[in-house]
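A.B. asks: My questions all concern the structure below.
Just so it is clear, none of the values below were taken in a lab; they were calculated from the coordinates. Note that the structure is predicted; figures quoted are calculated from it, not measured. Cβ atoms come from the backbone with ideal geometry, glycine included; neighbour counts cover every protein chain shown.
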């Protein structure tokens, strides 16, 4: 009997783990979808511009981009935390968020697309990523450093991406070393409010081919 139970447990535990992971991924996608709608409503009220980064917020929590969306979404404290985030309790307590805005839409500079209405291809432009576990949990960690992802030395592209975002947020039984980070997937929010899941291996492929997928297309 004990042997039978052990066999059943070995079979069922991975199934339960996969089901839990799938549910978390669905909830995360719902969070991002609501954030996407709120970002659009915000932009409609502010000449097409997205909420500013912490650089413009005077470094006060109330100015963080996620809290600038409060007038447009009722459950900010629920949608700002991904259920699979290992730092979810810490981020919730410290006013942080599991999601991080794309530098290209909130920080002026080369390649910036700061105005939603002016984006040539919003359906191909990522606005929001899943923040890296290695990032701090406070609200100041509010945008990526996408302009620095793809640059010399190019063999460090992947490490720079992993310092900002978590492309393997939804994975099971995989170590956290950079050599194991091509398993699993993550959700990505686009400017037209749709959410797309990309496998971590695909993101690694973009890094290896020097393709900065965070850069909004201009044609």
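A.B. asks: Rg to Rh ratio, the range 47-134, alpha-carbon atoms and Kirkwood radius?
C.D. replies: Numbers: Rg = 13.6 Å, Rh = 14.0 Å.
Dividing the radius of gyration by the Kirkwood radius yields 0.97.
A.B. asks: Residues of the range 123-137 with amide nitrogen under 19 Å from the 7 Å Cα-to-Cβ point of residue 148?
C.D. replies: Of the residues in the range 123-137, 129-137 have backbone N under 19 Å from the label point off residue 148.
A.B. asks: Starting with the highest mean, order 153-160, 99-106 by the number of other Cβ atoms within 10 Å, averaged over the residues of each peptide.
C.D. replies: Values: 153-160: 13.8, 99-106: 25.5.
Ranking the peptides 153-160, 99-106 by packing returns 99-106, 153-160.
A.B. asks: Sorting 79, 35 on the 10 Å Cβ count, fewest up front, what's the list? Spell out each step's value before the answer.
C.D. replies: Numbers: 79 23, 35 26.
Listed from fewest to most nearby Cβ atoms, that is 79, 35.
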